[in-house]
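Trainee: Structure below; questions to follow.
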Amino acid sequence: MPSILEGRISIGAFYNPHLAGELLRAGELIGHLAMADPPAVDDAAFPYIRDRFPLLLHDYLGQLSDPLSPHALDRARQLQDLYRSPWVAEHFQCLHTQDHERTLDYVFPPLYTEEFLQRFEANARVLRDTVGAPLVMENIPGFFSLEHAQMSEAEFLRRFFDDTGCGFLLDLPHVWLAAHYSGIGAQEYLKAFPLEKVVELHVAGVELDRDLEGPWIAPTAPPGDILDLALWVAERAPKLRAVTFDAFSPSLTEETVLRSVVATRRAFGLN
Amino acid sequence: MPKPESSKSDRDLQDEVIRYLADARARKKSSAELPLSPEQAQKAEKFGRFLARRYYRDRLARSFRYSRMFSSAIGRTAEQVVDGEFFQDFLNECVMGSLEAAQRVGQMAVMHMSNVLEPGVWWEELLAYEQAFFLQAATAEAEPRTDIPRRGRSAVSCAFRWNLPEILTRLKSAQNIGNDLKKDVLLLFSRTAGGNIYVVEMEGSSELIWRHTDGARNVDQIASAVSLPVKTVQDTLQALSQIGAVVLPPR
C-alpha cells in the first residue's frame, strides 16, 4: 500500500465516494485521502483508491470523554487494518450524553477541566493501544462559553499532548472560528498552542450562517486567510506531515476539491 | 476561573449542556441551572437552532436521496423544508433527535415533495419509503430498558403496492420503471443503537410475530397469539433485535 513519504508534506483531501473517478484521474495532485466513513459495500472504486493513495483513518471512532465500548474499539481496529493509516485521528469533543439519550451530532468541545483532561488521556491511550498506531487529536471550536473552565483550550491541549505523547491535528478553520468568536486574531489565539506537536493540518472555507449570525465551517475552498495561517503554522511545526482539505459531502464538486488542493499546494510552493 | 462548589461531576454538567442545546423547550425555560451568563445563553440559543437545522438538513438529504434525482424536473428537494417558514416554529419547540421531531419533519418533507407534477405513479410510494427511512436516520434516542419484548422506538413496517427495493435499483441505474414492478411488499424499517439502518422485506411468520410484538405480550403470549412454537418466536425476535426492530429484556 502507498504511504506518505518522510521529509515531505503531503497535500490531500477527504475521500468523497461520488468523486472516486475524478480523484483517481487527478494524478499526482492529491497526495493522500482521509476516510471519514468506511467504504460502502457496493463502492467498486474503493480497491483502486486504496491501491493508489495513502489513507488516513479519520472516522468517528467514539468520543474520548468516555470509555469506548468493546464494539467501538473492535471497529477502530478493523478500520485501521483496512486503511493501514500512518496515524489515526479523533477529536476533542463530547457531543452525546452518557446515557446516549441525547446527541448534538456535531462537533462540540468538552469543558476544559482537570476531570475531562484525565478522561481524554485515559481513553486516548486505550484507543491508541488498540489500533496499534499513533493517535492524533483534532481541536474543536466553541461558539459560546460556560463559566466553569479550569484552563484555556491551549493549556488543555498542551497538557494532553505532553502527557500522552499523541500528535496534534490542527484544524485551522476551527481555530479561525474560535479566535473570531473570542474577539482576537488567529495567530494571537494560536500563540499558546503546542504547534511543535502538529502532525496534520486541516484547511477549508468558512461561510456566514443564518442561525449563528456569523461565520462557520463550510465545505468550500480555503480562503487566503486560512492558507496564510497554514503557512505560518507550518513554519512552527517541525513534525508536520500532511495538509488535508477538510470537506466531505454528497454535494461537493470535483471542481471545489481540485481547486482547493491546487490552492493549498500553491501556498506551500508545491505546484 | 474558580470552579463553583458542586457535587456534580464535570461530565454530568456537560450532559446538562448537551440536553439544553438539544431541547428547544428547555432553552425557553431558563439557563439558571447552568453556568451561563445571559449573553452566553443567547449564543447557546443560536447554536442550538444551528445544530437542529443542520441535523435535519443532513438527515433529509441522506434519506430523500432517490426523490432528489428528480430535483431539476420538479424544482424541489426535501431538505428545502429546513429553510422554510414552518421550520422556524419547529426550531422553537423541537427536541433534536427525538422520534416526535423526526415524525414532524418527515411529514413536512413529504408535504413539500407531494405537491408537484409526479415523475411516475409510484412517486407517492417512493416518498413514503423515504419518510420511513428518514424516521430511522433522524431518531437518535436510546432505547429504554424493557421487561417485555417491544418494538424499537422508530421501527415501522410499511405496506407498498410497488416493489420499492427494485424501483430503487432501477432509479440508481437510470432504468425505466414499468408496471412489471407492481407488487405488494411489506418492508420493515429499523435502526440499531449503533445507528445502522435496515430495510428488510417481511413475510410469513416474521410478519406475524412483528405484528404481535406490541409491548404488552411476553414471548409465550406472542407464540400463543400467532400459533407458532416458542422457539420459533424466540429466534425471530432475536433476529429482529439484531436489526433494532425489537427490543428484548436483558438476559
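Trainee: Compute the distance in nm between two label points, each set 7 Å from the Cα along the Cα-to-Cβ direction, one at A:ASP37 and one at A:GLU155.
Mentor: 4.1
Trainee: Show me A:236-247, A:185-196, B:165-176 ranked by packing, highest mean number of other Cβ atoms within 10 Å first. Before the final figure, lay out the partial values.
Mentor: Details: A:236-247: 21.4, A:185-196: 16.1, B:165-176: 13.0.
Ranking the peptides A:236-247, A:185-196, B:165-176 by packing returns A:236-247, A:185-196, B:165-176.
Trainee: Now a separate question. Work out, in µm²/s and without decimals, the Stokes-Einstein translational diffusion coefficient of the protein assembly as shown at 10 °C, 1.306 mPa s, Rh from Kirkwood over C-alpha pairs. Write down the numbers at each step before the final one.
Mentor: Numbers: Rh = 25.0 Å.
It comes out at roughly 64 µm²/s.
Trainee: Which of A:GLU28, A:GLU254, A:GLU155 moves most in a GNM of chain A, Cα contacts under 10 Å?
Mentor: Residue with maximal mean-square fluctuation among A:GLU28, A:GLU254, A:GLU155: A:GLU28.
Trainee: Evaluated at 10 °C with a viscosity of 1.306 mPa s, what Stokes-Einstein diffusion coefficient in µm²/s does the stretch B:72-198 have when Rh comes from the Kirkwood expression over alpha-carbon pairs? Intermediate values should be presented prior to the final figure.
Mentor: Working: Rh = 16.2 Å.
The estimated diffusion coefficient comes to 98 µm²/s.
Trainee: Also, quick follow-up: Which whole-number value in Å³ per residue fits the convex hull of the alpha carbons of the stretch B:143-251?
Mentor: On the way: hull volume 11.4 nm³, N = 109.
Taking the convex hull of the Cα positions in the stretch B:143-251, it is 105 Å³ per residue.
Trainee: Rounded to two decimals, what is the ratio between the C-alpha radius of gyration of the stretch B:11-141 and 2.2 N^0.38 Å? Walk me through the intermediate numbers first.
Mentor: Numbers: Rg = 16.7 Å, N = 131, 2.2 N^0.38 = 14.0 Å.
For the stretch B:11-141, the normalised Cα radius of gyration is 1.19.
Trainee: Rounded to the nearest 20 debye, what is the charge dipole size of the stretch B:11-141 about its Cα centre when +1 sits on each Lys and Arg Cβ and -1 on each Asp and Glu Cβ?
Mentor: Details: 18 positive and 19 negative charges, 71 e Å.
That gives the stretch B:11-141 a dipole magnitude of about 340 debye.
Trainee: Here is a further query. With no solvent and one equal point scatterer per Cα, compute the Debye intensity ratio I(q)/I(0) for the stretch A:10-267 at 0.13 Å⁻¹ and report its log10, rounded to two decimals.
Mentor: -0.83
Trainee: To the nearest 20 Debye, how big is the dipole of the protein assembly as shown about its Cα centre, given +1 on the beta carbon of each Lys and Arg and -1 on that of each Asp and Glu?
Mentor: On the way: 56 positive and 71 negative charges, 125 e Å.
With only Lys, Arg, Asp and Glu charged at Cβ, the dipole is about 600 debye.
Trainee: In cubic angstrom, how much convex hull volume per residue do the alpha carbon atoms of the stretch A:105-163 span? If you can, show how the numbers build up before the last one.
Mentor: On the way: hull volume 5.7 nm³, N = 59.
Roughly 97 Å³ of hull volume per residue.
Trainee: Setting aside same-chain residues fewer than 8 positions from A:LYS239, which lysines have a Cα under 22 Å from its Cα?
Mentor: Cross-link targets: A:LYS191, A:LYS197.
Trainee: Run down the lysines and flag those whose C-alpha is under 23 Å from the C-alpha of B:LYS182, throwing out any fewer than 8 positions away in its chain.
Mentor: Filter leaves B:LYS172.
Trainee: Once R0 is set to 30 Å, what does the formula 1/(1 + (r/R0)^6) return for the Cβ-Cβ distance between A:GLN78 and A:SER3, expressed as a FRET efficiency to the nearest 0.05?
Mentor: Numbers: r = 20 Å, r/R0 = 0.67.
It comes out at approximately 0.90.
Trainee: From the backbone phi of the stretch B:175-180, what are the Karplus-calculated ³J(HN,Hα) couplings (6.51 cos²θ - 1.76 cosθ + 1.60, θ = phi - 60°) in whole Hz, Gly and Pro given as x?
Mentor: The phi angles translate into 9, 5, 10, x, 5, 5 Hz.
Trainee: What percentages make up the Cα-Cα pair-distance distribution of chain B when the bins are 10 Å wide from 0?
Mentor: Over chain B, the share of Cα pairs per 10 Å bin runs 7, 25, 27, 23, 13, 4, 1, 0 percent.
Where a number appears in this text, it was derived from the coordinates with a stated rule and is not lab data. Everything quoted here is computed from the prediction, not taken from an experiment. With ideal geometry, Cβ positions are generated from the backbone for all residues, glycine too; neighbour counts draw on all protein chains shown.
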